[in-house]
Amino acid sequence: MLISGNIKLLVVHCSDTDNDEDLTALDIHKMHLNFGWDGIGYHKVICRSGKVENGRPEYWIGAHVKGKNDVSLGVCLIGRDDFTKPQFSSLEAVLREWKSLYPDAKILGHRDTGNTSKTCPNFDIGLWCKDKNL
């Protein structure tokens, strides 16, 4: 299913896996297949090293925010609550790129999207974005 050109949300997630577990987009893809999904739900994955890997193509509807997948893109930081400096640098780069394409889109943490009890990305994305002028 193709995503509309109407991206309203840029959603930051975490994999909620052990901080020392160095997973890749392929690992997340396999995990999501095991959930019975059609593969990885995120559009980008940021590895512990800071490497950015592609998940779903950005023109496909994601599977990362219930009820909002058709108007959002999702990026996932590998880890639970202790992310690396390279990860944060890569997150900033991904979000800046997306904001250049979708200037009216809001950046939110998954926990801030409503309709979820999840705590990811386990930091205040609003404060972080304010600090980065995003």
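Here Lys44 qualifies as among the basic types (Lys, Arg), in contact with an Asp or Glu (Cβ under 9 Å, 6 or more places away or on another chain) and under 25 Å from Asn133 (Cβ atoms). Pairing each residue of segment 54-75 that is farther than 12 Å from Asn6 by Cβ with any residue that is loosely packed, with under 15 Cβ neighbours inside 10 Å, provided the two are 6+ apart or on different chains, yields C-beta distances under 6 Å for Tyr59/Leu2; Ala63/Trp37; Lys66/Asn115; Gly67/Asn115.
Residue-by-condition table, conditions (1) closer than 21 Å to Trp98 by Cα; (2) touching a Cys at 6+ places or on another chain (Cβ under 7 Å); (3) in contact (Cβ under 8 Å) with a residue 60 or more places away in the chain:
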| residue | (1), (2), (3) |
| --- | --- |
| His32 | no, no, no |
| Phe35 | no, no, no |
| Gly39 | no, no, no |
| Tyr42 | yes, yes, no |
| Lys51 | yes, no, no |
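So in segment 76-130, with the set limited to residues that are among the polar types (S, T, N, Q) and crowded, with 16+ Cβ neighbours inside 10 Å, which one is modelled with the lowest pLDDT?
Taking segment 76-130 first, the residues among the polar types (S, T, N, Q) are 84, 87, 89-90, 100, 113, 115-117, 119, 122.
If we keep only those that are crowded, with 16+ Cβ neighbours inside 10 Å too, we end up with 84, 87, 90, 113, 122.
Details: Thr84: 98, Gln87: 98, Ser90: 98, Thr113: 93, Asn122: 96.
Among those that are among the polar types (S, T, N, Q) and crowded, with 16+ Cβ neighbours inside 10 Å, it is Thr113.
If a residue counts only when it is under 14 Å from the mean Cα position of the chain (by Cα) and of a type in the set (Val, Ile, Thr), which strands (runs of 3 or more DSSP E) contained entirely in segment 21-134 have at least 2 such residues? Working first, answer last.
Details: elements: 44-46, 52-54, 72-77, 106-109.
Filter on segment 21-134 gives 44-46.
Give His64, His13, His32 a once-over and let me know the one that is within 23 Å of Asn115 (Cα to Cα) and in contact with a Pro (Cβ under 9 Å, 6 or more places away or on another chain). Give the steps one after another, and end with the answer.
Details: His64 fails: in contact with a Pro (Cβ under 9 Å, 6 or more places away or on another chain); His32 fails: in contact with a Pro (Cβ under 9 Å, 6 or more places away or on another chain).
Just one listed residue meets the conditions, His13.
Out of all the residues in segment 28-39, is one or more closer than 22 Å to Gly126 by Cα and either crowded, with 18+ Cβ neighbours inside 10 Å or not acidic (Asp, Glu) (or both)? Within segment 28-39, none of the residues are closer than 22 Å to Gly126 by Cα and either crowded, with 18+ Cβ neighbours inside 10 Å or not acidic (Asp, Glu) (or both). Report whether or not Lys132 is among the charged types (D, E, K, R), in contact (Cβ under 8 Å) with a residue 12 or more places away in the chain and in contact with an Asp or Glu (Cβ under 7 Å, 6 or more places away or on another chain). Criteria met by Lys132. Criterion first (over 14 Å from the mean Cα position of the chain (by Cα), among the hydrophobic types (A, V, I, L, M, F, W, C) and modelled with pLDDT of 95 or more) does Leu9 satisfy it? Criteria not met by Leu9.
The values are calculated or read from the model by the stated rules, or taken from the named source; none is laboratory data. Only a predicted model underlies this, so the values are computations on that prediction, with no experimental measurement involved. Every residue, glycine as well, gets a Cβ built from its backbone with ideal geometry; the counts of neighbours run over all protein chains shown.
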